[in-house]
Ligand SMILES: Cc1cc2nc3c(=O)[nH]c(=O)nc-3n(C[C@H](O)[C@H](O)[C@H](O)COP(=O)(O)O)c2cc1C
């Protein structure tokens, strides 16, 4: 027997549309984002599930130009050193460092996404320790996706940047991070200066397999009756 949903089809469709409408935006207008909005985003982030409910995510909010510049320079120096060792051409490296600097300093708000293992379980063996670490990464990513979607719902644009993962010590020093905060990424946030691109997604069949065929259910028929032409069903 298939479970039935009590959700209003229009409400569900609006939620799906909101989720699917998020895009990574890399250019921002200069208007600041208010503390009240930011606090709402972090409360929604913290509504995410987390392993053992340990809530390992930590966020450092950077709004002032000097700190953004210091962070961008520290990360840029490390990027240039790494790319130099890779043998990349100096002008290509300089261009990429400058682009990264502009992205970071050009966003009204930059959020450093971190995790902490302070409250995770400790095991004597490496395998379970790694699983705990991965659960902290997963939990932090889930919270941060909530933040991205909350921002999108507020009419704000975001982009996740992975760069801090490649230079955690430089980030730690530039920002004088609390002990135990492990940098995972940066989120830039603000009003969009330009629209995003529709990045293609794989078709459903490429990433979902049903171990057995589910029956046609109440939820499916509600959707079909509610809004058959809303474009939300699989192609
Ligand atoms: C873990 C992770 C790391 C990412 N790192 C970067 C990055 O360093 N720079 C960037 O411009 N976008 C980055 N992105 C954004 C992806 O490029 C983007 O999500 C993807 O192309 C799909 O586009 P969309 O977000 O607009 O749907 C990252 C996204 C994730 C989830």
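Just so it is clear, none of the values below were taken in a lab; they were calculated from the coordinates. Bear in mind that the values here come from a model prediction, so they are computed numbers and not experimental data. Ideal geometry is used to build each Cβ from the backbone, glycine not excepted, and the neighbour counts take in all protein chains shown.
Segment residue 52..residue 213, full-extension length gain: 54.7 nm, with 0.36 nm per residue of separation and the alpha-carbon distance subtracted. Normalising the average separation of contacting C-alpha pairs (under 8 angstrom, six or more residues apart) by the number of residues puts the relative contact order of the chain at 36 percent. Placing pseudo-labels 7 Å out from each Cα toward the beta carbon at residue 194 and residue 64 gives an inter-label distance of 3.1 nm. Shape call for segment 22-196 from the C-alpha gyration tensor, a ≥ b ≥ c root eigenvalues: rounded (a/c under 1.5), prolate (a/b greater than b/c) or oblate? Oblate. Relative to the longest principal axis of the Cα atoms of the chain, helix 35-45 runs at roughly 60 degrees. Relative to the dominant Cα principal axis of the chain, helix 126-153 is inclined by about 80°.
What shape does segment 127-169 take by its C-alpha gyration tensor, where a ≥ b ≥ c are the square roots of the eigenvalues and a/c under 1.5 counts as rounded, a/b above b/c as prolate, and the rest as oblate? Oblate, since a/c reaches 1.5 and b/c is not below a/b.
Can you give the helix-only mean residue ellipticity at 222 nm for the chain, where every DSSP H stretch with n ≥ 4 adds -39500 (n - 2.57) and the sum goes over all residues, rounded to the nearest 500 deg cm²/dmol? Show your work: numbers first, answer last.
Values: 8 runs with 111 residues, N = 235.
Roughly -15000 deg cm²/dmol at 222 nm, from the helical runs in the chain.
Taking label positions 7 Å along the Cα-Cβ direction at both residue 119 and residue 14, the computed distance is 3.3 nm, reported to one decimal. Please give the Cα centre distance for segment 144-221 versus segment 101-116, rounded to the nearest Å. Computed from Cα coordinates, the inter-centre distance equals 14 Å.
Relative to the longest principal axis of the Cα atoms of the chain, the long axis of helix 90-105 lies at roughly 60 degrees.
In this rough spin-label picture, where each label sits 7 Å from Cα along the Cβ direction, the residue 127-residue 35 distance is 4.9 nm.
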